[in-house]
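Student: Below is one structure. I have some questions about it.
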Amino acid sequence: MRTVYPLARYRDPGAAIDWLTEAFGFEVHEVSKGDDGAIKHAELLVGTGMVMLGPGGPGGPGGPGVYVAVDDPDAHHDRAVAAGARITMELTDQPYGSREYACEDPEGNLWYFGTHRP
């Protein structure tokens, strides 16, 4: 495993980006939009790290979680399943270049694992 990136979900990612850049001085690194023009993924630079944003409601499915960059998400996924993790998003190739999946730990915390490369 390599770098860990916080992942935050917002009902309106565009407004969240505007607020985070104004309030905290985060810098927009990348924004990916779907065919409908809606933001699907964004990366904001924070000091020497990065925060990832996506659509969804905080506190529920797809809500706040932690994104962890891994070299082999397929093997990582299989290991998580064998350990009893509840998969909440199957392995998927994302339009922004990552192959990722999401699962819940036994306490219900969301974890996202993928091949993201900054």
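The values are calculated or read from the model by the stated rules, or taken from the named source; none is laboratory data. Note that the coordinates shown come from a computational prediction; the quantities given were computed from them, not determined experimentally. Cβ atoms come from the backbone with ideal geometry, glycine included; neighbour counts cover every protein chain shown. Protein only, heavy atoms only, side chains kept; ligands, DNA and RNA dropped before computing areas. Shrake-Rupley method; radii C 1.70, N 1.55, O 1.52, S 1.80 Å.
Student: Please give the calculated 222 nm ellipticity per residue for the chain, where each DSSP H segment of at least 4 residues contributes -39500 (n - 2.57) and the sum is spread over every residue; nearest 500 deg cm²/dmol?
Tutor: Counting only the DSSP helices, I get -5500 deg cm²/dmol.
Student: Toward the positive end of the charge dipole of the chain, about the Cα centre and with charges on Cβ (Lys, Arg +1; Asp, Glu -1), which of GLY54, SER32, ALA80 goes farthest?
Tutor: It is ALA80.
Student: Also, quick follow-up: Among ASP18, ASP71, ASP36, which one shows the highest mean-square fluctuation when the chain is modelled as a Gaussian network with alpha-carbon springs under 10 Å?
Tutor: Judging by the Gaussian network model, the answer is ASP36.
Student: Using modelled amide H (1.01 Å from N, peptide plane; none on Pro or chain starts), what sits under 5 Å from the amide H of HIS41, excluding residues fewer than 5 places away?
Tutor: When sequence neighbours closer than 5 places are left aside, the close amide H contacts are SER32.
Student: Moving to a separate point now. Accessible area per residue for the chain in Å², computed with a 1.4 Å probe and the full protein assembly in place, what is it?
Tutor: Here the residues of the chain average 57 Å² of exposed surface.
Student: Of the accessible area of the chain, with the probe set at 1.4 angstrom, what percent is carbon plus sulfur?
Tutor: Result for the chain: 52 percent of the exposed heavy-atom area is carbon or sulfur.
Student: Answer with a single label: of (1) 14, 52, 32, 2; (2) 15, 43, 28, 12, 2; (3) 14, 46, 33, 7, 0, which was calculated as P(r) over Cα pairs in 10 Å bins from 0, in percent from the structure in view?
Tutor: Computed from the coordinates, P(r) over Cα pairs in 10 Å bins from 0, in percent corresponds to (3).
Student: Taking only C-alpha pairs under 8 Å that are 6+ residues apart, what is the relative contact order of the chain in percent?
Tutor: 25
Student: Amide H to amide H under 5 Å from TYR10: which residues, 5+ apart in sequence or cross-chain, H placed 1.01 Å off N in plane?
Tutor: Excluding prolines and chain starts, which carry no amide H, the hits are GLY54, GLY56.
Student: Still on this structure, I have one more. If we count every other residue with Cβ under 13 angstrom of LEU45's Cβ, Lys/Arg +1 and Asp/Glu -1, where does the sum land?
Tutor: -3
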